[in-house]
């Protein structure tokens, strides 16, 4: 990809191994690509936007697998670093019951956790329409944390809109540790995306939605997207509050739905849509994600966006 990307994102992409039953019982595992930021990049590429993903991948076969999947989906990976010393991060998902999926990570000391400021200097300096970051990357290591803060500050200073998806992962860090990093990080963002139970990580502790939004707006955030599960989502902008109902779909796999939601909103923004239309596209992509298996495999192409027209209320988007 030679042109400036519409959206640049960075983080760790892993090899994800899925089991249809308890891992302890053995059985077949299927391998897929997983990673919040690469999920967003793929979703945007499928909708015809120019997306770029930056990260470190191992120099092994699993690292090559990650790159092949991203390249095959049309994501720019020109600035990805191959790390010959560290392994590819792994994620294991087991369908423990019909309603419960459990996740295990093996990513300590991985190539992705070694992401550095130097890895991001060139792609960030070349510019992008939007820089998308998540609260997962700074949780991986101190080095990745400094890289995330540097990228957000540098992009903001250059006038590049920054989108922060809080994406809290309790297996990676505590809420107090996350709050100490994500609250100041949000000050560089133009867009903040959070589930209702994540708002206290970027705003005053114990504050309600309105108070957190007011605090973020005071710090320069233009848009705050709040995911409300089966109650839909809110978009707080300068023009007020927009609400969109969740779509009525049969949920089979909620992994990646929040990433799809964020990508849908960014896609609408890139297309010049109003806040209500952007939010509608966000909940539409979230519905595609929960109603198909995999992190991103069931996400729509642009000509498929209307497939869920007529669905009004429904399942949780997280």
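Looking for whichever is within 22 Å of residue 169 (Cβ to Cβ), in a helix (DSSP H, G or I) and either within 18 Å of the chain's Cα centre (by Cα) or in the same structural domain as residue 249 (by TED's automatic domain parsing) (or both) here; the options are 212, 193, 226. Which one fits?
On inspection, the qualifying residue turns out to be 212.
Can you work out which of the residues in region 196-209 that are closer than 22 Å to residue 257 by Cβ and surrounded by 14 or more Cβ atoms within 10 Å (Cβ to Cβ) is farthest from the chain's Cα centre (by Cα)?
Per the stated criteria, the residue is 209.
Quick check on my filter: what residues within region 60-77 are out of contact with any helix residue (DSSP H, G or I) (no Cβ under 9 Å at 6 or more places or on another chain) and modelled with pLDDT of 95 or more?
Hits for region 60-77 are 61, 62, 63, 64, 65, 67, 68, 71, 72.
Would you confirm whether or not region 78-87 contains a residue that is under 16 Å from the mean Cα position of the chain (by Cα), modelled with pLDDT of 95 or more and not in a helix (DSSP H, G or I)? Give the steps one after another, and end with the answer.
Taking region 78-87 and keeping what is under 16 Å from the mean Cα position of the chain (by Cα), we get none.
The answer is no; no qualifying residue exists.
Does region 12-32 contain any residue that is in contact (Cβ under 8 Å) with a residue 40 or more places away in the chain and closer than 26 Å to residue 159 by Cα?
Within region 12-32, one or more residues are in contact (Cβ under 8 Å) with a residue 40 or more places away in the chain and closer than 26 Å to residue 159 by Cα.
Give me the residue from region 92-113 that is assigned to a strand (DSSP E or B) and buried (at least 20 other Cβ atoms within 10 Å of the Cβ) and, out of that set, farthest from the chain's Cα centre (by Cα).
94
I'd like the full set of residues that are surrounded by 21 or more Cβ atoms within 10 Å (Cβ to Cβ) and either over 16 Å from the mean Cα position of the chain (by Cα) or outside the structural domain of residue 44 (by TED's automatic domain parsing) (or both), limited to region 114-140.
Those that are surrounded by 21 or more Cβ atoms within 10 Å (Cβ to Cβ) and either over 16 Å from the mean Cα position of the chain (by Cα) or outside the structural domain of residue 44 (by TED's automatic domain parsing) (or both): 115, 119, 120, 123, 124, 128.
Any residue in region 229-251 that is closer than 16 Å to residue 42 by Cβ, assigned to a helix (DSSP H, G or I) and either in the same structural domain as residue 295 (by TED's automatic domain parsing) or touching a strand residue (DSSP E or B) at 6+ places or on another chain (Cβ under 9 Å) (or both)?
no
The values are calculated or read from the model by the stated rules, or taken from the named source; none is laboratory data. Every value quoted in this text rests on a predicted model; they were computed, and no experiment measured them. So basically every Cβ, Gly included, is an ideal-geometry build from the backbone, and we count neighbours across all protein chains shown.
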